[in-house]
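Asks: Below: one structure in structure tokens.
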Amino acid sequence: VSSAQSIPASTIIPPNGYLILTQKNKTLFDDYYNVICPVVNISFGTGLTNAGKNIFLNMSNKTYVDHVNYSASWGGGGDNKSLAKLHATGASGDKTNWRGSLEDGGTPCQQNFPDHDVDLNLEQTNTNEITAHLANNGLNDENISLELFVDGNFSGSDELALASFDSGDVTFIIENISAGEHIALVNATFSGSSVSAELNFSTVLPNADVYATVTINQTSNEYVIRSFPENASTYVGVFVFPRNFDGSEIIFGMFMFGEEF
């Protein structure tokens, strides 16, 4: 900070403990956060700003311990998400070792980020398709095993590797399911922990016993036909022809029982 400040000699931080330094009223800080670690009032001179500052940590004999030169581009710029250090070791002044807290108001007197923490939610991305969206909010890379249950019955499994603070999706195709209301449950296990998510979804098809989609890949000039339910006896097909002789525009048509739709 702009001027050197000393912590009272009587202040003790136990092993794996925490200390809060604040230039606000200590009583108000205690009342607002209800923290259990020591809170010490000091003056930050011109103050710490969202724009950036140099912060140095020294021993009482002036021996250098650590420092950080933060900037607004790191996050925590007035959005009630304080900047938090990711690891106890590493280049402290490097932005790759810092990020905005995941908690509103930060995590005073607590570990900044959990060692293992995976967030999971489900989405119906097609008539017979459930996608699991996962986010690794922990400090460790995770190998995540997923199991899907539909209406209480095992329906499939998959795996996903996620680096720390990375995210990814896993899509399950549900086979041979009847039209109607259903419940999807996904269990995700990782590093001795687990998290689950549930989704109510419907396969009710308006005005049709068979539903079909065509996905077009313009890069590879390929298309994929999907019909639902997959075990339906109704035949679904596709025909393709160019509208222009130069192939600049293509028309897709679909038919069922010989009738276009």
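The values are calculated or read from the model by the stated rules, or taken from the named source; none is laboratory data. Because the structure is predicted, anything quoted here is derived from the model rather than measured. We place every Cβ from the backbone using ideal geometry, glycine too, and count neighbours over all the protein chains shown. Protein only, heavy atoms only, side chains kept; ligands, DNA and RNA dropped before computing areas. Shrake-Rupley method; radii C 1.70, N 1.55, O 1.52, S 1.80 Å.
Asks: Can you name every one of the strands (runs of 3 or more DSSP E) wholly within region 4-59 that holds 1 or more residues which are modelled with pLDDT of 75 or more and touching a Ser or Thr at 6+ places or on another chain (Cβ under 9 Å)?
Replies: So the answer is 39-41, 52-58.
Asks: A further question on this structure: Quick check on region 175-196: of everything there that is of a type in the set (A, V, I, L, M) and at pLDDT below 90, which residue is surrounded by the most Cβ atoms within 10 Å (Cβ to Cβ)?
Replies: ILE177
Asks: To continue, here is another question. Conditions: (1) touching a strand residue (DSSP E or B) at 6+ places or on another chain (Cβ under 7 Å); (2) under 30 Å from LEU86 (Cα atoms). VAL214 meets all but one. Number of the miss?
Replies: All conditions pass for VAL214, except number (2).
Asks: Okay, moving on. I'd like the full set of residues that are open to solvent by less than 70 Å² (accessible area, probe 1.4 Å), of a type outside the set (Phe, Trp, Tyr), at pLDDT 65 or above and within 20 Å of LEU148 (Cα to Cα), limited to region 197-241.
Replies: Passing the criteria: ALA197, LEU199, SER202, THR203.
Asks: Under the condition of being open to solvent by 60 Å² or more (accessible area, probe 1.4 Å) and in a strand (DSSP E or B), which residue from region 98-124 is modelled with the lowest pLDDT?
Replies: Applying the filter and picking the extreme gives ARG99.
Listed here are the residues, each with its yes/no results for (1) of a type in the set (Asp, Glu); (2) without any contact (Cβ under 8 Å) to a residue 40 or more places away in the chain; (3) in contact with a strand residue (DSSP E or B) (Cβ under 9 Å, 6 or more places away or on another chain); (4) assigned to a strand (DSSP E or B).
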{"position": "LEU134", "(1), (2), (3), (4)": "no, no, yes, yes"}
{"position": "PHE165", "(1), (2), (3), (4)": "no, no, yes, no"}
{"position": "GLY168", "(1), (2), (3), (4)": "no, yes, yes, yes"}
{"position": "HIS182", "(1), (2), (3), (4)": "no, yes, yes, yes"}
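Asks: Out of all the residues in region 144-174, which are at pLDDT 95 or above and under 15 Å from the mean Cα position of the chain (by Cα)?
Replies: ILE144, LEU160, ALA161, LEU162, SER167, GLY168, ASP169, VAL170
Asks: Still on this structure: Examine region 67-77 for a residue that is in a loop (DSSP other than H, G, I, E, B), under 26 Å from ASN140 (Cβ atoms) and modelled with pLDDT under 80, and state whether such a residue exists.
Replies: yes
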